[in-house]
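The values are calculated or read from the model by the stated rules, or taken from the named source; none is laboratory data. The structure displayed is predicted, hence computed values, not measured ones. FYI the Cβ positions are ideal-geometry reconstructions off the backbone, even for glycines, and counts take in every protein chain you see.
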Amino acid sequence: MLPKLVTPKYDMIIPSTGETVTYRPYVVKEEKILLIAFESQDETQIEKSVLEIIKTCVESKIDLNKLTTFDIEFMFVTLRSKSVGEGIKLNMPCEECEHVNEVKINLDELNVANLDEEIDKHVKLTDEISVDLKWMAMSDRLSGAETKTETDSVINLVAKSIETIYSGEEIHSTKDVTKKEVVEFVESLNSDQFQSITEIIGKSPYLNYTMKFNCEKCGHSHERELNGLADFFQ
């Protein structure tokens, strides 16, 4: 019988909840799933593969459908740092001479921006009607990607970001009504009301890294912010 390799275990803290979970690094068969997704350059396929790997490697009981997008991104990068090393290499073109530079990023230096900011997610739409928002879950974003047009996608994502609707003395939790009803509510908003909601959604925490490098050919200094999974795995 062939020997079995012992896989180390680590702990990480989920950003939005502060909960500690135990995980193992991903192995070759799981990395294969990821590589196929990245080769496709399809963001939806990449995010689905990331969710699959987290589900497989995190040994603590978690509900992936309730975790925010920035939770999933942070957890995956943490997994990757223990699975394939703490650094990744990106090919970055110089904005002056267009020379492509290989730049190494230390994954341990990534942070979740806006996480500690006190953001009021209660939005007053009229004197009688207001809503409470929640940060988008990765599962919600993936289901929103299935819509036919970009406008429909935005409307669906806004609908999924609404947690509670207040109308006078009545309180409506969106989990107790149909998706169609919530979408119809969003479609009934005027432009100012819709914008007031999207402005709050735009303040959601996100994976962030400030990359600095000098072009190895012309010496031009660069500083660029990387945000979200797509930027870190170009």
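In the set (1) surrounded by fewer than 17 Cβ atoms within 10 Å (Cβ to Cβ); (2) over 17 Å from Thr17 (Cα atoms), Glu118 fails one condition alone, (2).
Residues in segment 181-233 that are within 25 Å of the chain's Cα centre (by Cα), small (Gly, Ala, Ser) and over 20 Å from Ala137 (Cβ atoms): Ser196 only. In segment 18-67, which residue that is closer than 26 Å to Lys175 by Cα and among the β-branched types (Val, Ile, Thr) is farthest from the chain's Cα centre (by Cα)? So, considering only residues that are closer than 26 Å to Lys175 by Cα and among the β-branched types (Val, Ile, Thr), the one farthest from the chain's Cα centre (by Cα) is Ile62.
Report yes if Ile165 is buried (at least 18 other Cβ atoms within 10 Å of the Cβ) and more than 30 Å from Glu96 (Cβ to Cβ), otherwise no.
Details: buried (at least 18 other Cβ atoms within 10 Å of the Cβ): yes; more than 30 Å from Glu96 (Cβ to Cβ): yes.
Criteria met by Ile165.
If you go through segment 159-167 one residue at a time, do you hit one that is without any contact (Cβ under 8 Å) to a residue 24 or more places away in the chain and not assigned by TED's automatic domain parsing to the domain that holds Phe70? So far as segment 159-167 goes, no, none of its residues is without any contact (Cβ under 8 Å) to a residue 24 or more places away in the chain and not assigned by TED's automatic domain parsing to the domain that holds Phe70.
State whether one or more residues within segment 184-198 are closer than 21 Å to Asp63 by Cβ and small (Gly, Ala, Ser).
Here is the first cut: in segment 184-198, the residues closer than 21 Å to Asp63 by Cβ are none.
No.
In segment 7-25, which residue that is touching a Lys or Arg at 6+ places or on another chain (Cβ under 8 Å) and among the hydroxyl-bearing types (Ser, Thr, Tyr) is farthest from Leu115 (Cα to Cα)? Within segment 7-25, the match that is farthest from Leu115 (Cα to Cα) is Thr7. Number of residues in segment 193-234 that are farther than 20 Å from Leu115 by Cα, assigned to a loop (DSSP other than H, G, I, E, B) and among the basic types (Lys, Arg) equals 1.
Residues being surrounded by fewer than 15 Cβ atoms within 10 Å (Cβ to Cβ) and not acidic (Asp, Glu): count how many of those fall in segment 52-70. If you could, list the steps in order and put the result at the bottom.
We begin by selecting, within segment 52-70, every residue surrounded by fewer than 15 Cβ atoms within 10 Å (Cβ to Cβ); these are 55, 59-61, 63, 65-66.
Those left that are additionally not acidic (Asp, Glu): 55, 60-61, 65-66.
Qualifying residue count, segment 52-70: 5.
From the list Ser83, Ser49, the lone residue that is of a type in the set (S, T, N, Q), surrounded by 15 or more Cβ atoms within 10 Å (Cβ to Cβ) and touching a residue at least 24 places away in the same chain (Cβ under 8 Å) is Ser83.
Report whether or not Ser49 is in the same structural domain as Thr164 (by TED's automatic domain parsing) and outside any strand (DSSP E or B). Taking the combined requirement at face value, the residue does not satisfy it. Among the residues here, Glu73 does not qualify as modelled with pLDDT under 85 and either outside the structural domain of Lys134 (by TED's automatic domain parsing) or buried (at least 19 other Cβ atoms within 10 Å of the Cβ) (or both).
Inside segment 210-225, can you point out the residues that are among the basic types (Lys, Arg) and over 12 Å from Met92 (Cα atoms)? Once the filter is applied, which keeps residues that are among the basic types (Lys, Arg) and over 12 Å from Met92 (Cα atoms), segment 210-225 yields only Lys217. Among the residues of segment 141-152, are any surrounded by 16 or more Cβ atoms within 10 Å (Cβ to Cβ), modelled with pLDDT of 85 or more and not polar (S, T, N, Q)? The answer is no; no qualifying residue exists.
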